[in-house]
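Worksheet for the structure shown next.
The values are calculated or read from the model by the stated rules, or taken from the named source; none is laboratory data. Just so it is clear, the model here is predicted, and its values are computed rather than measured. Glycine also receives a Cβ, built like all others from the backbone with ideal geometry; neighbour counts cover every protein chain displayed.
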Amino acid sequence: MRRVAQFFRVSLEQFKEGMQDCFPQYNDKEIDKIYEELILPRRATAKSAGYDFFTPVEVTLQPGETAKIPTGIRVKMEEDFVLKLYPRSGLGFKYRLQLNNTVGIIDADYYDSDNEGHIFAKITNDSNEGKVLVIPKGKGFMQGIFIEYGITVDDDVTDIRNGGFGSTTK
């Protein structure tokens, strides 16, 4: 198996910024502790394709509710790869957990963006059965799969990313 990437934590400052935006109920001291306990994505088995991403705090979603989760994670990968993010299969099957953009796309140049390539996930409990979704702190909620990709023979893009999420269309 070809090794094409490595996960890292974003800086504490970047993580605090994300946590204060998404979970303002946590104070600086609590965020420091949460940061120290972040779990880097990992595969569950030797033949798993997906790297599980873990919640930094407990997340509870009523049916129809949405939450934005700062993972505290960034990824450095070979330039001809992309990291695709999906809900964990069990949560999708049991609760209809959805990523709000359907599939998250993390480009190789996102690592060096202004927000340090901080990977966020916006999730929705799309349950039509009235099920409340509780994702405990440290539990896997989405998975990332590295995919090699190509470009067209006449591609001449030379622009370089400098912004964070959504910056390539500005």
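Look at residue 105 and say whether it is surrounded by fewer than 16 Cβ atoms within 10 Å (Cβ to Cβ), over 30 Å from residue 13 (Cβ atoms), modelled with pLDDT of 90 or more and out of contact with any helix residue (DSSP H, G or I) (no Cβ under 6 Å at 6 or more places or on another chain).
Details: surrounded by fewer than 16 Cβ atoms within 10 Å (Cβ to Cβ): yes; over 30 Å from residue 13 (Cβ atoms): no; modelled with pLDDT of 90 or more: yes; out of contact with any helix residue (DSSP H, G or I) (no Cβ under 6 Å at 6 or more places or on another chain): yes.
When the stated conditions are applied, residue 105 does not pass them.
Out of curiosity, is residue 167 at pLDDT below 95, within 25 Å of residue 14 (Cα to Cα) and of a type in the set (Ser, Thr, Tyr)?
Numbers: at pLDDT below 95: yes; within 25 Å of residue 14 (Cα to Cα): yes; of a type in the set (Ser, Thr, Tyr): yes.
Against the criterion (at pLDDT below 95, within 25 Å of residue 14 (Cα to Cα) and of a type in the set (Ser, Thr, Tyr)), residue 167 qualifies.
Just give me the residues in the range 80-105 being assigned to a loop (DSSP other than H, G, I, E, B) and either under 12 Å from residue 135 (Cβ atoms) or not basic (Lys, Arg) (or both), in sequence order. Walk me through how you get there before you give the answer.
Start the filter on the range 80-105 by keeping residues that are assigned to a loop (DSSP other than H, G, I, E, B), which leaves 80, 88, 96, 100-103.
Listed by number, the residues that qualify are 80, 88, 100, 101, 102, 103.
Given the options 78, 58, name the one that is closer than 19 Å to residue 136 by Cβ, among the acidic types (Asp, Glu) and modelled with pLDDT of 95 or more.
Values: 78 fails: closer than 19 Å to residue 136 by Cβ.
Every option except 58 fails the conditions.
Residues of the range 1-26 being part of a loop (DSSP other than H, G, I, E, B) and of a type outside the set (Lys, Arg), which ones? Please lay out each step first, then the result.
Going residue by residue through the range 1-26, those that are part of a loop (DSSP other than H, G, I, E, B) are 1-4, 10-11, 23-26.
1, 4, 10, 11, 23, 24, 25, 26, listed by residue number.
What about residue 102, is it farther than 23 Å from residue 38 by Cα, among the hydroxyl-bearing types (Ser, Thr, Tyr) and under 13 Å from the mean Cα position of the chain (by Cα)? Break it down into steps so the answer makes sense when it comes.
Working: farther than 23 Å from residue 38 by Cα: yes; among the hydroxyl-bearing types (Ser, Thr, Tyr): yes; under 13 Å from the mean Cα position of the chain (by Cα): yes.
Considered against the rule, which asks whether it is farther than 23 Å from residue 38 by Cα, among the hydroxyl-bearing types (Ser, Thr, Tyr) and under 13 Å from the mean Cα position of the chain (by Cα), residue 102 comes out as yes.
Give me the residue from the range 128-164 that is among the hydroxyl-bearing types (Ser, Thr, Tyr) and at pLDDT 95 or above and, out of that set, nearest to the chain's Cα centre (by Cα). So that I can check it myself, show each step before the final result.
Here is the first cut: in the range 128-164, the residues among the hydroxyl-bearing types (Ser, Thr, Tyr) are 149, 152, 158.
Still in the running and at pLDDT 95 or above: 149, 152.
On the way: 149: 20, 152: 28 Å.
Among them, the one singled out is 149.
Give the range 1-42 a look and list any residue that's of a type in the set (Lys, Arg), at pLDDT 95 or above and within 20 Å of residue 107 (Cα to Cα), or say none. Don't jump to the end; show me each part of the working.
Start the filter on the range 1-42 by keeping residues that are of a type in the set (Lys, Arg), which leaves 2-3, 9, 16, 29, 33, 42.
Those still in the list that are at pLDDT 95 or above too: 3, 9, 16, 29, 33, 42.
If the condition is that a residue be of a type in the set (Lys, Arg), at pLDDT 95 or above and within 20 Å of residue 107 (Cα to Cα), then 3, 9, 42 are the ones that fit.
Quick one: what pairs do we get from the range 115-139, first residue aromatic (Phe, Trp, Tyr), second at pLDDT 95 or above, C-beta under 7 Å, 6+ apart or different chains?
From residues that are aromatic (Phe, Trp, Tyr), the pairs are 120/18; 120/68; 120/69; 120/70; 120/71.
Failed condition for residue 158, given (1) surrounded by 18 or more Cβ atoms within 10 Å (Cβ to Cβ); (2) hydroxyl-bearing (Ser, Thr, Tyr); (3) not in a helix (DSSP H, G or I), with all others met?
If we test residue 158 against (1) surrounded by 18 or more Cβ atoms within 10 Å (Cβ to Cβ); (2) hydroxyl-bearing (Ser, Thr, Tyr); (3) not in a helix (DSSP H, G or I), just (1) comes out false.
Report yes if some residue within the range 25-38 is in contact with a Ser or Thr (Cβ under 9 Å, 6 or more places away or on another chain) and touching a residue at least 60 places away in the same chain (Cβ under 8 Å); otherwise report no.
no
Conditions first: (1) under 12 Å from the mean Cα position of the chain (by Cα); (2) within 22 Å of residue 90 (Cα to Cα). Residue 60 passes all but one, so which condition is the exception?
It is condition (1) that residue 60 fails.
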